[in-house]
1. Given the whole protein assembly as supplied and a 1.4 Å probe, what does the accessible area of His86 come to in Å², nearest 10?
2. By how many degrees, 0 to 90 and rounded to 10, does the Cα axis of helix 19-32 deviate from the longest principal axis of the chain?
3. In whole Hz, with x marking every Gly and Pro, tabulate ³J(HN,Hα) for segment 146-152 from phi via Karplus 6.51 cos²θ - 1.76 cosθ + 1.60, θ = phi - 60°.
4. 7 Å from Cα along Cα→Cβ at both His86 and Ile9: what's the point-to-point distance in nm?
5. Per-residue HN-Hα couplings for segment 95-109, Karplus 6.51 cos²θ - 1.76 cosθ + 1.60 at θ = phi - 60°, whole Hz, x for Gly and Pro?
6. Tell me, what is the per residue accessible area of the chain in Å², probe radius 1.4 Å?
7. Express in Å², to the nearest 10, the accessible area of Val31 obtained by rolling a 1.4 Å probe over the protein heavy atoms while all chains stay in place.
8. Ignoring the sites themselves, what is the longest stretch of the chain with no GluC sites (Glu not before Pro) in a DSSP loop and at most 15 other beta-carbon atoms within 10 Å?
Amino acid sequence: VEHESACHILQKGIADEAASVRQAALHSVSVRREASLAEDVVGALKDKHLAVRRVAAEAAGRLGVLQAVPPLLWAMSQAEQRVLEHSMVYALIELGDAAQLRAAWKTSDPAARRAILRALDQMPQSNVDSEWVFESLASDDLRLRKTASWIIRRHKDWGLQLADFVVKRLPTL
């Protein structure tokens, strides 16, 4: 709807008590690329309904809401569905803020680290840190180890670095 009141209506929809209304409003914000509602989109990343979070992640990515990076990483630890995880990682890729992801690495939990590795690996003109990937191979978190393994398989150019890593780790095994 191309009307001056549409933004106000969408904002009310994002705050509605019905999850389906919030989800539809966020989808409209995303499709319309209504940047003036960026703050509402960021707030919706903490919604109790996973479908609402998923659409909020899509909207954050499409709108280029850089302040959404920390809430997206937080939401990764709450993601219970693969589809939700995918939407959050894709939003991080669309946002393309490699510096913010790198800064979050040390303080992140395994779920957020998975997202950081996947996003950095997939972002154009960004390189995932091979040391972080190798370090993740030794994680207690199975899903983080699997993510690291998947990324390593995509980087044949890391062969010598991987060999050095394995040689250094052999005495500790």
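The values are calculated or read from the model by the stated rules, or taken from the named source; none is laboratory data. On a predicted model such as this, the values are computed, not experimentally measured, just so you know. For neighbour counting, all protein chains shown are included, and Cβ atoms are generated from backbone atoms with ideal geometry for every residue, glycine included. The protein model used for the area step is the full one, side chains on, heavy atoms only, and it has no ligands, DNA or RNA in it. Shrake-Rupley method; radii C 1.70, N 1.55, O 1.52, S 1.80 Å.
1. Counting only protein heavy atoms, His86 exposes about 110 Å² to solvent.
2. 80
3. Calculated HN-Hα couplings, in order: 5, 4, 4, 4, 4, 5, 4 Hz.
4. The two pseudo-label positions are separated by 3.1 nm.
5. Couplings: 5, x, 8, 4, 4, 5, 5, 4, 5, 7, 4, 5, 9, 8, 7 Hz.
6. On the way: 9600 Å² over 173 residues.
Heavy-atom accessible area per residue stands at 55 Å².
7. Probe radius 1.4 Å; accessible area of Val31 about 90 Å².
8. Details: sites that count: Glu2, Glu4, Glu17, Glu80.
My reading of the result: 81-173 is the longest stretch.
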